[in-house]
Amino acid sequence: MRDQPALLVTADGETFRGRSVGHGGMATGEAVFNTSMTGYQEILTDPSYAGQVVVMTAPHIGNYGVTGFDDQSSRPHLTGMVMRSMSRRASSWRSEGSLRDFLVEHEIVSVSEVDTRRLTRHIRDKGAMPVAVGVDVSESDLRDAATGAPGMVGADLASKVSTSSPYRIEAKGLSKGLVVAIDLGMKIDIGRRLAGMGYDVEVVPYREPTQQILERNPVGVFVSNGPGDPEPLSDTVASIRGVLGKVPLFGICLGQQVFGLAVGASTFKLPFGHHGGNHPVQRLNDGVVEITAQNHGFAVDLWSLTDDRRPERTGLVTRDLLPQSVETRFGPLVPTHQNLNDGTLEGMRLLDLPAFSVQYHPEAAPGPGDASYLFEEFDQMISEAR
Amino acid sequence: MPGRTDIRSILVIGSGPIIIGQACEFDYSGTQASKVLRSKGYRVILVNSNPATIMTDPEYADATYIEPITPEVVEEIIARERPDALLATLGGQTALNVATELAKRGVLERHSVEMIGAGLDAIEKAEDRGRFKATMEEAGLECPRAGYARSMSEALNISRDIGYPIMVRPSYILGGGGTGLAKDETEFIEIAKNGLAVSPVSEILVEESLAGWKEFELEVMRDRNDNAVIVCSIENLDPMGVHTGDSITVAPVQTLSDREYQEMRDDAIAVLRAIGVETGGSNVQFAVDPETGRRLVIEMNPRVSRSSALASKATGFPIAKIAALLAVGYTLDEVVNDITGATPASFEPALDYVVVKIPRFDFEKFPSASKELGTSMRSVGEAMAIGRTFPEALQKALRSLEIGHSGLNADATEEHLRAISDGELAAMLAIATPNRIFQAGEALRRNWAVDRVAELTHIDPWFVDQMAAIIDVRCEYVEQPDHDALVEAKRYGFSDAQLAFLTGEAEDDVRARRLSEGVKRTYKRVDTCAAEFEAVTPYMYGTFEDETEVEPADRPRVVVLGSGPNRIGQGIEFDYCCVHAALALRDAGYETVMVNCNPETVSTDYDTSDRLYFEPLTAEDVLDVIAAEQPEAVIVQLGGQTPLNLAGLLAAAGVTIAGTSPESIALAEDREKFGEICRQLGLRQPAAGTARSTAEALDVVDQVGLPAMVRPSFVLGGRKMRVVYSVEELGEYVREIYGDADPEVIGAPILIDRFLESAVEIDVDAVYDGNELLVGGVMEHVEEAGVHSGDSACVTPPPTLSEEARKEILRATRDLADALEVQGLINIQFAVKGDEVFVLEANPRGSRTVPFISKATGVPLAQVAARVMMGSSIEQLRREGLLKDDSRPTTFVAVKNAVLPWDRFPEEDSVLGPEMKATGEVMGIGEDVGTAYAKALLAGGKILPDRGRVFLSFADRDKAMGLAVAQAFVMLGFELIATPGTSRYLSHHAIEAEPVEKVGDGPNDIGTRLENGEVQLVINTPRGGKARTDGKTIRQAARGHQIPCVTTIPGALAVARSLRAGPGAINRPRSLQEWHRST
Ligand SMILES: Nc1ncnc2c1ncn2[C@@H]1O[C@H](COP(=O)(O)OP(=O)(O)O)[C@@H](O)[C@H]1O
Ligand SMILES: Nc1ncnc2c1ncn2[C@@H]1O[C@H](COP(=O)(O)OP(=O)(O)O)[C@@H](O)[C@H]1O
Ligand SMILES: [Mg+2]
Ligand SMILES: [Mg+2]
């Protein structure tokens, strides 16, 4: 009665054994691990995971089933899912079906019974790397597939998950105006949140030109989260440059990275990214620490806008791992948030223009809602700009 | 600079004796706090009456007061020590209550002491159920609908607002008596009426019943910057209605979706903010309706709690240590996460494993008590297990309990379950008891649907299904026990013992086959971060995976085996010894490896030893740790019976046992061989024999005479031990033992000794290195032999022991240690009758009194023992300085007193006997016996009257001695009343005692007088045998009205002596450091 054997092989040749969750065949992608203990469905349907094989470090997955309300997009975007134990049975008053059925229905190659801790340690030590997972596929075929799979650097994935044509989300209650959301792979909860604050949201494709954005007379522009490397998104970068200073702008995750490119900073790939719901982020103006939901593999390097080099870290993260402020073609820019695990930039703001961004997910889903006030700040920025 | 500089000295209050609901988790928390505060340069003043704690070791504080934790005494300590701040959130309810009282009395203000952690207002808001509810509502959080009623009509009014089912809880009732669940008005009227009647203040809480809902707990930490993190989420397997302390619990939460979990998280933080806990850890409990997700706040504890200890061990996040730092002004982001060494404590641990905690009960010791679990906690300990999955963790936790189960059934206990009919089984599943988990396993084995089991038990179907998965794996293994099935079974947590049972093999054979097939246990780390960052602390658990994370060591290793879950007879004292061994051996250059499964303890702190294995203490699990670590030797002497029972098996597997050999241990346990040694050494023992049947027992009694002390061999804490006065009682006893399926007891012969009446019992703890004997201490018991040494008070130095007897005892100790070839600790119990010294038993191991003696003398006995076990001589340790000059005479008297759990078992009779019932102990130190004993009584919660009326009722055989008691109380100015027989006897001897009717004999019987508050002290000695009912009623009535009750003559004499000491001396505290300096 045991499930079919399945294998995962990494690009550097490590093999992991497990059992198939249902859908057969083979999939490749960059392996990343996510340390969230709840929220597998939101992770599964988050477009930011396009092109990735997600390793869940929490051992039991599928416990409370799936429900339409938790979807972050219309379908799963990751290419494969790896876990220690797929629940046989879902139990929750909210559940509309089992995760196993959901994965089979969406044809996601998923492997259970894997020593996910070994795999996680491997990724941690060697960095995120391509892997191949397969059911009924030989180990050597998987190895070939893994070594042949493309990495994330330079991967233009947002274009694949972005909406092909604009669509609208109606404001909850009386409309306070229109927010144009540039969709790089936007999660449903973000739209829900903006609409919940009273904005009509026009979700537009990733390469929507400045002109067409401004023609809609938006009160604000939002740049969403999304998968892959920000570098190839030159059209989005150009559009953002065009709107900066004209309309308040708020970016999340990949949105922060393209905002960073727009102001002239460069981005870099983190060794194994941030994927989880427990990252401490310090708000630099008052020192308060937010526990945040994160999902990104790249980050903005503000030192690239200075002549200085990033200082070496000793002991706990300190404020001076980030520049105090940097000069950009849009005026001075300051870091507003910092990751306390590795010191990387988590949020920034232009001082002269209404534009800010964070690297993490204030909409949570999944994860803690400590940062949800950021939406209110956007709301505030919009009303001040009028 | 993070820490506050306006505070220099801090008073830390401990939690006092181990009682049900407040166990050694507060030693863990107090120890962590004291350690870290001192390391930051604060002066720490500590008060705790419990000598068995690590925190009261003099090196953990600048001034250590082993004194009663009462407002009066603590006020004195404040006056002497002038602390700047008071930290009360780490010492359980005891510390919180005393701190509240001190604040209310204005003591803190008077001495300018600031309460840090949680302030008075926050504590009161959290503790007062009415204010709590109001605060929650203000914050927009929902609590169960409820109201207090003082009459039936009020009760009915409230009930109509709430709707059925309703839970009724009488106010100020100990042990949850009178609590009930009403499904309709008829039931309600009956339960409410009873509740109003039993409550001493005629008040009941009428509350919306949430029985059957899901119960959750979140552990929250908050700092002065208002940063808040959830350290751990805990889900109760048992539904609402079973106290969380008595529930099987699981971390992290398994059956909440992210949205539900995050809302609960936000609520928990909102609760902390609303209550106003400024800094530190708190625990917030929730109930969730499984049908709708409706979520209610049940309660919050504004302090570190039992769950915090569990949460710390479950995550590796040291809550108590960090709470202490936050209290002195650090913020979470300023504190390093020790485990990664590189990231801050301002994060929420991510777990890549599952933790299961299972309570351990000792209902066998309280046969009158109902085993049905309810809203009042009655478990005495707990085991925690870590597995990669819930099934694995559950099975590990079940075998960690040491109650004869090797996991979820599939062991010898199953026979019992199989005999239950389907109908009975269904009925059993509907009632929460300690055995329900096994019954559920049996139902699943019978192929009952998961939904049916879930419906009957109200255990969430996800958990039931995971249990069903265990059963499925079992069935597959039985069908075809091949390699794949073996691997699968091990991954589902099956022990080799279970697999052996399933196929009828020997456990050794399963193990051999398993290892030959390469199915080896791997070890993973508990690292707070699911492997995201490298862990620098080797805190390990065993599982069956690809990769093991054990690293080679560069120093020789020693494994210390801990003592498993607390139980009556094996508690914190043994953990104390294990911790000391780890510390001493680390200092001596060893790499120490601790194995234990008790989350409450200091031994399971990741920094107590160099390596920690959170594993069950079974032969299989321990052998695998040994295989992974390759230690030089294993210490089994210090963890009580648990590791001792493994000694033989380990030695047989080729493991080196440190110190005294397993053969010697077995020799001491073997009555006949031990008797032979005593005869050779010319030592007296009570006449004795062993029997395996009634006929044999009768033969033995013919020779040794009556009364006789009977017991099964190989038990600790006097389990099933009894004094029999007649042949009939003896026969009954033998039937009871062999008709009982208790696995700890069965198969062992019954030991029969002549019972030595009115003998003084003496305990000796010593270390022997094969040449020199180091006597730790000689303790004289207050109660006579026949009351278990664990339940009896004892005094050191011995006040009445003659010089001859003392010499004889020391000679016997030395000779026995030598004959048993002891290398390490030995504990011997003697009975002294006149000038005759009898050896009762010798235990070549650490004993319950080691910490007490160490506190009384300042000699680190367990550390010395650990070093001796590893080959050092006592002389060598003296040269090293571990042992100071040991010939100092003490100038003070130390008394240890036992604390008994009667309030949790109101049905039980509170008499003392050879079967141990105490859960904890306290220590009193004074210049004379009276003061020291008085302090010990006070520390144990006995508030003695200094005037008023004493009620006397003596058994016939006690009457002569009782005379002295009566005289003593007359001298102290008390008025006497007595049962008719006792009164007559006293008046014969010219002592006036007003006769009073026995319970039920008249309108003004003793029951009524107790109720009317006319009696301030009860002295009632049991008649022995079965005819105890009347005495029992009196003792229970006294307990019900919280009137102190003494049940032995020596106890009563000691009380009289302590009363002479007077309150002045009792409330004069002195620190341990001062006492030790004065010697
Ligand atoms: N309204 C209720 N209905 C059913 N069970 C309850 C209710 N309130 C509390 N309980 C149960 O009683 C236990 C003890 O109650 P709690 O308020 O937490 O007191 P304690 O201070 O003893 O922890 C809880 O763990 C829960 O299982
Ligand atoms: N022959 C005896 N006469 C009187 N009391 C005895 C006798 N044997 C044992 N006891 C009492 O019973 C208690 C428990 O017995 P002990 O042998 O110490 O068992 P345990 O192994 O449980 O400590 C002792 O502390 C002592 O008070
Ligand atoms: Mg509670
Ligand atoms: Mg004993």
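The values are calculated or read from the model by the stated rules, or taken from the named source; none is laboratory data. Not measured: the values here are computed from a predicted model. Here the Cβ positions follow ideal geometry from the backbone for every residue, glycine too, while neighbour counts run over all protein chains shown.
Scanning the range B:434-456 turns up no residue that is touching a Phe, Trp or Tyr at 6+ places or on another chain (Cβ under 6 Å), assigned to a helix (DSSP H, G or I) and more than 10 Å from chain A (Cβ to nearest Cβ). Restricting B:ARG949, B:ARG984 to residues that are in contact with an Asp or Glu (Cβ under 6 Å, 6 or more places away or on another chain), among the basic types (Lys, Arg) and surrounded by fewer than 21 Cβ atoms within 10 Å (Cβ to Cβ) narrows the list to B:ARG949.
Of the helices (runs of 4 or more DSSP H) lying entirely inside the range A:101-191, those containing at least 2 residues that are within 14 Å of chain B (Cβ to nearest Cβ) and at pLDDT 95 or above span A:116-126.
Can you name every residue in the range B:465-497 that is of a type in the set (Ser, Thr, Tyr) and either assigned to a helix (DSSP H, G or I) or more than 12 Å from every other protein chain (Cβ to nearest Cβ) (or both)?
Once the filter is applied, which keeps residues that are of a type in the set (Ser, Thr, Tyr) and either assigned to a helix (DSSP H, G or I) or more than 12 Å from every other protein chain (Cβ to nearest Cβ) (or both), the range B:465-497 yields B:TYR477, B:SER495.
The set of residues from the range A:219-235 being surrounded by fewer than 24 Cβ atoms within 10 Å (Cβ to Cβ) and either of a type in the set (Lys, Arg) or part of a loop (DSSP other than H, G, I, E, B) (or both) comprises A:VAL219, A:ASP229, A:GLU231, A:PRO232.
If the requirement is being surrounded by fewer than 23 Cβ atoms within 10 Å (Cβ to Cβ) and at pLDDT 95 or above, which of these qualifies: B:ARG474, B:ARG511?
None of the others qualify; the one that does is B:ARG511.
Answer yes or no as to whether B:ALA535 is more than 14 Å from chain A (Cβ to nearest Cβ), out of contact with any Phe, Trp or Tyr (no Cβ under 9 Å at 6 or more places or on another chain), of a type in the set (Gly, Ala, Ser) and part of a loop (DSSP other than H, G, I, E, B).
no
Residue-level check: of (1) more than 35 Å from the chain's Cα centre (by Cα); (2) more than 26 Å from B:ALA314 (Cα to Cα); (3) in a helix (DSSP H, G or I), B:GLU505 misses just (3). Note on the range A:308-327: residues that are more than 14 Å from every other protein chain (Cβ to nearest Cβ), modelled with pLDDT of 95 or more and not in a helix (DSSP H, G or I) total 6.
Residues that are within 16 Å of ligand 1 (Cβ to nearest atom), surrounded by fewer than 16 Cβ atoms within 10 Å (Cβ to Cβ) and not hydrophobic (A, V, I, L, M, F, W, C) do not occur anywhere in the range B:190-202. Considering (1) farther than 18 Å from B:MET869 by Cβ; (2) surrounded by 24 or more Cβ atoms within 10 Å (Cβ to Cβ); (3) in contact with a strand residue (DSSP E or B) (Cβ under 7 Å, 6 or more places away or on another chain), the lone condition that B:THR592 does not fulfil carries the number (1).
Given the structure, is A:GLY277 modelled with pLDDT of 95 or more and within 14 Å of chain B (Cβ to nearest Cβ)? In short, yes. Taken over the range B:894-943, residues that are among the aliphatic types (A, V, I, L, M), more than 19 Å from the chain's Cα centre (by Cα) and either at pLDDT below 90 or at positive phi (or both) amount to 2. If you go through the range B:245-271 and keep only what is under 30 Å from B:ASN566 (Cα atoms), assigned to a loop (DSSP other than H, G, I, E, B) and within 11 Å of another protein chain (Cβ to nearest Cβ), you end up with B:PRO252, B:VAL253, B:GLN254, B:THR255. Being within 14 Å of chain A (Cβ to nearest Cβ) and out of contact with any Ser or Thr (no Cβ under 7 Å at 6 or more places or on another chain), is that true of even one residue in the range B:374-383? No, the range B:374-383 contains no residue that is within 14 Å of chain A (Cβ to nearest Cβ) and out of contact with any Ser or Thr (no Cβ under 7 Å at 6 or more places or on another chain).
Where in the range B:1-116 are there helices (runs of 4 or more DSSP H), lying wholly inside it, with at least 1 residues that are within 30 Å of B:LYS357 (Cα to Cα)?
Working: elements: B:25-39, B:71-81, B:92-104, B:107-110.
Result: B:25-39, B:92-104.
For the range B:277-298, the set of residues classified as away from ligand 1 (no atom under 14 Å from the Cβ) and at pLDDT 95 or above consists of B:GLU291, B:THR292, B:GLY293, listed by residue number. Here B:PRO552 meets the list (1) without any contact (Cβ under 8 Å) to a residue 40 or more places away in the chain; (2) in a loop (DSSP other than H, G, I, E, B); (3) under 21 Å from B:ILE319 (Cα atoms) almost entirely, failing just condition (3). Of the residues making up the range B:820-841, those that are more than 16 Å from ligand 2 (Cβ to nearest atom) and closer than 30 Å to B:GLU927 by Cβ number 1. Restricted to the range B:842-880, and to residues there that are out of contact with any Phe, Trp or Tyr (no Cβ under 8 Å at 6 or more places or on another chain), among the charged types (D, E, K, R) and touching a residue at least 60 places away in the same chain (Cβ under 8 Å), the residue that is nearest to ligand 2 (Cβ to nearest atom) is B:ARG845.
Just to confirm my filter: which strands (runs of 3 or more DSSP E) fall fully inside the range B:169-233 and include at least 1 residues that are without any contact (Cβ under 8 Å) to a residue 60 or more places away in the chain and more than 14 Å from chain A (Cβ to nearest Cβ)?
Because the criterion is at least 1 residues that are without any contact (Cβ under 8 Å) to a residue 60 or more places away in the chain and more than 14 Å from chain A (Cβ to nearest Cβ), the strands (runs of 3 or more DSSP E) in the range B:169-233 that meet it are B:180-182, B:204-208.
Criterion applied to A:GLY251, A:GLY277 was being closer than 14 Å to A:LEU345 by Cα, among the small types (Gly, Ala, Ser) and assigned to a strand (DSSP E or B), and the one residue passing it is A:GLY251.
Only one of the numbered conditions (1) within 11 Å of ligand 1 (Cβ to nearest atom); (2) surrounded by 24 or more Cβ atoms within 10 Å (Cβ to Cβ); (3) within 13 Å of chain A (Cβ to nearest Cβ) is not met by B:VAL242, and that is (3).
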